[in-house]
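What follows is one structure encoded as structure tokens, with my remarks underneath.
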Amino acid sequence: MDKLKFKNILKNKVLITDGSMGVLLQKLGILQPGKAPEELNLTSPESLQKVHKQYLDAGSNIILANTFGANRMKLAEFGLENKLVEINQAAIKLAKEIARKYNAFVAGDVGPLGTYIKPLGALTFEEAYNTYAESVKAISSAGPDLIFIETITEIKEMKAAILAVKDNFSGPMVASMTFNADGTTVTGTDIFSFLAVAESMGVDAVGVNCSVGPKDLAKLVKTISRHTSLPVSFKPNAGMPKLINRQTVFPGTVQEFMKASIDAYKSGVNLLGGCCGTNPDYIKALADKLSGKKPVKKTVKKKFLLSSRVRAINISDSKKLIVIGERINPTNRKKFQDELSCGNFSTLRREAQEQVKSGSHMLDINLGVPGADEVSLANKSVEEIQEVVSVPLCLDSSSIDALESGLKACAGKPILNSVNGEDKNLKKVFYLAKRYGAGVIGLTTDEKGLPKTSRERIKIANKIISHAKKAGFPASEIILDFLSLSVSAMPDQGKETLNAIKESKKRWPEIKTVLGISNVSFGMPNRHIINSTFLNMAKSYGLDMAILNPYNNWSVKDKFARELLLGKDPNGKKYIEKHGTISKKSVTKKAKELLPEKKLYLAILGGNREEVPVLIKEVLNRISDPMEISNSILLNALNEVGDRFNRKEYFLPQVIRAAEASQIAFSHIKPLLKRDSDFKSGKIIMATVKGDVHDIGKNIVSAVFESHGWEVFDLGKNVETERIIETAVKENCPLIGLSALMTTTMIIMEKVVKLRDSHKIPARIIIGGAPVTKKFADEIGADGYANNAVEAIEVAKKLVSL
């Protein structure tokens, strides 16, 4: 099925997908703990066809093939990585064989990899992309009608998956993420950040699946539907799974599922189905009510979203000037250059944080350091910046390779700064913007150089816009830069720039404008008076965005500077007479010098790892008691991190960075702690139970415990029950932390508790994981339950103090 056909079908009727495959496979008795469900494509194809048939009989128009976890990383957990192609192809072929009889469509199903991309995990973006690409190639070779990417919680992983599908499959693609009830993923991405990325990368439909129950998911999908013109998919669970009498039960009802689905349909959703816990009864009810119905028409307001990992801004809706901070630029800053060349990003992170505090809505990143590898520097800098601030980025480089490197690292939708009127440049930059999802600044220069008149600049702008349209790039996501040129050398250029902005707004009212402000005052005294006056004049002519120093005072409006900028003071004589003899006043506030203790606290809070070794030494010179440092600085900082996490001000990236910074500090003071002191670091065993190969959450919890000074014995995933207890005895551990991500493996936790009790081991057990609840912990005799890493620390403290 081609993309246009998919679009036309969903424009005219609702399509129904299938429900949970796992529920029916469990009912058939062929799903075994510790075995890959995808292996059944080879060992029991007739069982899978029975499942597909039940959903087709119930009214599914689209069935999803059994390829959800058929990627190299997941299959390697079961020793099946060398059968990857065979498993994927078999899944599509057996689904097509049965679907053909019902005139239904078959979708390849692409799920998460099971590990995070850097800096949240160890995986590089290229590794994630290559892993997805290998699976998609295999799926594509068997000829599915479309591909679903679903149950993704991390936006960079979604970007890697989208790219892999774009490069290896020509049919329609649906991108679906999994959100909490508050509209954020576990890594902090909100709905609009997801939309910003997915739409700009060219997916054919967006949606939500799994996670929360139908009622909460319906609220989220209605928000999505109101803000996108793309088809929208809705696939809720049958409620949140519970373990009752050691059996996985989804407590939702068909009635609840249908109420949420009808609400979703009324908001304009046109792809509906079920996820975990749903069965053919759910799909039959859905098909009977909605299959083939005309989708509800909706009017979607045009938008221009830019985003970070966790926050999006709509440039189209902005009534105020968008400030792009310019300070992440090492030009004429030798210390900053030296730091970057040595891989020290402390100043870079600090500049990012301070600019946002000073009012920047976005940050420009310009890292053309002489002698440095700008390609690798762009990648690493983007990673570092986006984990300490939540504003979108502007990637500023003349190097196409550096721009692409930054795009691969970027967790949101940035701006590329910039494209110009040269044919070669136009082709390359728009290709990158369309491929990775980015807005573009259109710099109105070309191979002839800097145009002197507004007419020439408008002509180049028109060329940029025309090329964008031919390339399939939306003209409304171009931001035109009509150049700030020095009025000291070219007195008429201020007026030409302002006139170009004004003319642009007449011709293309939907297209935004931007200027780098400071160039206009080059060579003049008291430059900021000119810069600020020029900015305020440009705003009155229609300027939407400005690249500037956010630390400065931008309310200055000076009549002499205005005359200069309008070309009425050609030699700047009047301006210089007025301002040339005035001592240059500082336009930045001098920061109050902080004590080393406060600096260390803030370094941990901000995850500034490079600063910690020097600061901890300074603190040790002032405070001789390492116990006081640990309690009053390190743990207080981590407690504040926990509070911010609970307030949804911090998300997993910030928690991990703070934990890493604290680990560095603690490694310096741990040897100094006296054995007879009151300090007790504690020991804990961490393990994902037998049959469960998920360990992302467990790894995060382990890192947070280590940052609090605990000695962690991480046994990994799919750990035998006996090994957990043996390690507790051998290491004399007072605590055991158990993780499970599936209801089918939760029951193994009870075996660990019973084995502990039978051996009369005094170790206390804390359990956690997505399906785990406090009630379940009480039922099996666990000593504690934690919903997240921050909560786990508090529970552990209470247990060891008993």
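Data for the structure
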| quantity | calculated |
| --- | --- |
| Residue that is nearest to L10 (Cα to Cα) [pool: residues in segment 202-214 that are modelled with pLDDT of 95 or more and out of contact with any Phe, Trp or Tyr (no Cβ under 7 Å at 6 or more places or on another chain)] | A205 |
| Candidate set: segment 40-57, residues that are free of Cβ contacts under 8 Å to residues at least 60 places away in the same chain and open to solvent by 50 Å² or more (accessible area, probe 1.4 Å); chosen: the one nearest to the chain's Cα centre (by Cα) | L42 |
| Within segment 390-447, considering residues that are among the basic types (K, R) and either in contact (Cβ under 8 Å) with a residue 24 or more places away in the chain or touching a Ser or Thr at 6+ places or on another chain (Cβ under 6 Å) (or both), the one least open to solvent (accessible area, probe 1.4 Å) | K413 |
| Residue count for segment 158-181, restricted to those that are modelled with pLDDT of 95 or more and either at positive phi or open to solvent by 10 Å² or more (accessible area, probe 1.4 Å) (or both) | 6 |
| Residues of segment 745-756 satisfying the condition of being open to solvent by 10 Å² or more (accessible area, probe 1.4 Å) and touching a Gly at 6+ places or on another chain (Cβ under 7 Å) | I748 |
| Qualifying positions in segment 683-731 - assigned to a strand (DSSP E or B) and either of a type outside the set (K, R) or over 30 Å from I633 (Cβ atoms) (or both) | I684, I685, M686, A687, T688, V689, E711, V712, F713, D714, V719 |
| Residue within segment 772-780 that is assigned to a loop (DSSP other than H, G, I, E, B), crowded, with 22+ Cβ neighbours inside 10 Å, β-branched (V, I, T) and in contact with a helix residue (DSSP H, G or I) (Cβ under 7 Å, 6 or more places away or on another chain) present | yes |
| Residues of segment 261-286 satisfying the condition of being buried (at least 22 other Cβ atoms within 10 Å of the Cβ), of a type in the set (A, V, I, L, M) and assigned to a helix (DSSP H, G or I) | A264, I283, L286 |
| Criterion: among the basic types (K, R), on the phi < 0 side of the Ramachandran plot and open to solvent by 40 Å² or more (accessible area, probe 1.4 Å) - qualifying residue of K235, K222 | K222 |
| Enumeration of residues in segment 520-576 that are surrounded by fewer than 19 Cβ atoms within 10 Å (Cβ to Cβ), in contact (Cβ under 8 Å) with a residue 24 or more places away in the chain and small (G, A, S) | G523, G542, G567 |
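Conditions tested, residue by residue: (1) of a type outside the set (G, A, S); (2) not in a helix (DSSP H, G or I).
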residue	(1), (2)
E38	yes, no
L42	yes, no
L48	yes, no
K53	yes, no
S60	no, yes
M73	yes, no
N82	yes, no
A90	no, no
K93	yes, no
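Condition check ((1) farther than 30 Å from H708 by Cβ; (2) charged (D, E, K, R); (3) modelled with pLDDT under 95; (4) assigned to a loop (DSSP other than H, G, I, E, B)) across all residues:
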| residue | (1), (2), (3), (4) |
| --- | --- |
| W554 | yes, no, no, yes |
| K574 | yes, yes, yes, no |
| K578 | yes, yes, yes, no |
| K584 | yes, yes, yes, yes |
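The values are calculated or read from the model by the stated rules, or taken from the named source; none is laboratory data. Here the structure is a predicted model, which means the values were calculated and not measured. Because the Cβ atoms are built from the backbone with ideal geometry, glycine has one as well, and the counts that use them run over all protein chains shown. SASA here: full protein model, heavy atoms, side chains in, ligands and nucleic acids out. Shrake-Rupley method; radii C 1.70, N 1.55, O 1.52, S 1.80 Å.
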